[in-house]
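The values are calculated or read from the model by the stated rules, or taken from the named source; none is laboratory data. It should be emphasised that the depicted structure is a prediction, and the values quoted were computed from it without experimental measurement. Every residue, glycine as well, gets a Cβ built from its backbone with ideal geometry; the counts of neighbours run over all protein chains shown.
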Amino acid sequence: DTGVSQNPRHKITKRGQNVTFRCDPISEHNRLYWYRQTLGQGPEFLTYFQNEAQLEKSRLLSDRFSAERPKGSFSTLEIQRTEQGDSAMYLCASSPWGPSGLTDTQYFGPGTRLTVL
Amino acid sequence: AQSVTQPDIHITVSEGASLELRCNYSYGATPYLFWYVQSPGQGLQLLLKYFSGDTLVQGIKGFEAEFKRSQSSFNLRKPSVHWSDAAEYFCAVGGPNFGNEKLTFGTGTRLTIIP
């Protein structure tokens, strides 16, 4: 178990540029989540996948944001036309999901810190 | 809608002293409750969780938490803190009614340890 990994760990970009983050979940976990954490706040849910299907998106996820998990393994989160308000830590988490329909604990990666200048 | 309140933004404790961090939740049914810890610039590490059963749960690093349904609380405790416990602590709620997909976090409590 190597844990959830995220790349890059830090990203500095200029306003208006596009950025993409990658998340590799724990290998046997079929649920994957994205959260955003701004300074002084707790993480806020953005979206989650079960295998390759994106099952829910938060209202925080504007049209400039898109997430994919094409083969049910790693996931990418893309932000187009970045704004200064997008500056935050983007956290990825994964969890197993069993036939009972109930998910278990979410395990978090180290996050990607985005700074938009 | 589910919500979590952590009333203490910042707590300072002497090394070796006991600790209690408060967490109150709002949830329409039996919740799943979690405490996570975050060191500066790092992701979240799970300390402990409550799904059902015994209301006093033990976690890693000597932490424990007690679920009190009547008070809608899930306070985190440690009998004797170590300097390495300095970090940000987050309480979170999820639950079977919502499939636990969407964890709702509190705003966190920053813990400072003084020698």
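Every residue, every condition in (1) under 30 Å from A:PRO25 (Cβ atoms); (2) polar (S, T, N, Q); (3) at pLDDT 95 or above; (4) out of contact with any Asp or Glu (no Cβ under 8 Å at 6 or more places or on another chain), yes or no:
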position: B:PRO7; (1), (2), (3), (4): no, no, yes, yes
position: B:HIS10; (1), (2), (3), (4): no, no, yes, yes
position: B:THR30; (1), (2), (3), (4): yes, yes, no, yes
position: B:VAL37; (1), (2), (3), (4): yes, no, yes, no
position: B:LEU47; (1), (2), (3), (4): yes, no, yes, yes
position: B:TYR50; (1), (2), (3), (4): yes, no, no, yes
position: B:GLU66; (1), (2), (3), (4): no, no, yes, yes
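In the stretch B:85-96 there is at least one residue matching the filter, namely being closer than 19 Å to A:GLY42 by Cβ and either of a type in the set (Ser, Thr, Tyr) or in contact with an Asp or Glu (Cβ under 8 Å, 6 or more places away or on another chain) (or both). Counting only strands (runs of 3 or more DSSP E) that fall entirely inside the stretch B:4-115 and contain at least 2 residues that are exposed (fewer than 14 other Cβ atoms within 10 Å of the Cβ) and either within 11 Å of chain A (Cβ to nearest Cβ) or touching a residue at least 24 places away in the same chain (Cβ under 8 Å) (or both), the qualifying elements are B:10-14, B:109-114. The number of residues in the stretch B:12-28 that are of a type in the set (Gly, Ala, Ser) and at pLDDT below 95 comes to 2. For the stretch A:16-45, residues that are at pLDDT 95 or above and of a type in the set (Gly, Ala, Ser) total 1.
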